[in-house]
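Heads up, the thing below is written out as structure tokens.
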Amino acid sequence: MAAVGLMAVSLLAGCGGSSDDGAKAADKASSAPTTTGASASPSPSPSPSASASASSDGRPKITLPSDVTLTFEGGKTGDAVKDAVLADGAEMTRAVDAAIAGTDPKGEAMGYYTTGKALEASVSWVAEFKKADVTITGVVRYYDRKVTLESKTSAVLTYCGDESKGFSKDKKTNKVNRTPVTKDSYVTYNTRLDKNSDGVWQTSQIISSRGAAQCRP
């Protein structure tokens, strides 16, 4: 479930879209931005507005369409800080999908769980789906999730994504763009998260590589 991602050799500040990403998005859908070269875009509010749905702890409540399923393996490590990073990293992915799918049209949750260039990239990426008039459907599995704590407020989260059962769907016709499973159906992600003053681990940087051997079955 992803548009073609470009290889990166260093931890880039975000991922965005090129001029033809709308066409690429029509072929396959992405749970997270995976291409380089994001341009600055208007950013969603960094916290849910008074009208936004929020949980009892003030965090935005993220919902996804019934035909979109995201699974995240390995959420408990026994280390409370690492578990918080894993949880907020997963919420970032869910937030981007909610913005793409239209269950969070203002991208408020995306603005809550991302920051800086990663936020700009995510906004730009969601716009490509809107431009192509497609949404997402299917199942995506995230696994081999590993956290490295760099400081009390900085961490690196790496993980794999299996998008072999995830696809894009035309909004007007509801036709699912089913694509064959290839090595590019498997993605490796390297993300940086920074803890803000509210205790939220926000994703600030993202890189990804398609077809990575360590993520393929």
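The values are calculated or read from the model by the stated rules, or taken from the named source; none is laboratory data. Quick caveat: nothing in here was measured; it's all calculated off a predicted structure. As a convention, Cβ positions derive from the backbone with ideal geometry for all residues, glycine included, and neighbour counts pool all protein chains shown. Keep in mind that these areas ignore ligands, DNA and RNA; they rest on the heavy atoms of the full protein, side chains included. Shrake-Rupley method; radii C 1.70, N 1.55, O 1.52, S 1.80 Å.
With the highest mean first, a sort of the peptides 160-168, 73-81, 145-153, 112-120 on other beta-carbon atoms found within 10 angstrom per residue produces 112-120, 160-168, 145-153, 73-81. Excluding same-chain residues fewer than 8 positions from Lys152, which lysines have a Cα within less than 17 Å of its Cα? Here the lysines satisfying the reach criterion relative to Lys152 are Lys82, Lys195. Figure note: Val126, Val187 ranked by solvent-accessible area, largest first, 1.4 Å probe, ligands and nucleic acids not counted: Val126, Val187. Apolar share of the accessible surface for region 127-205: 46 percent from carbon plus sulfur atoms, 1.4 Å probe.
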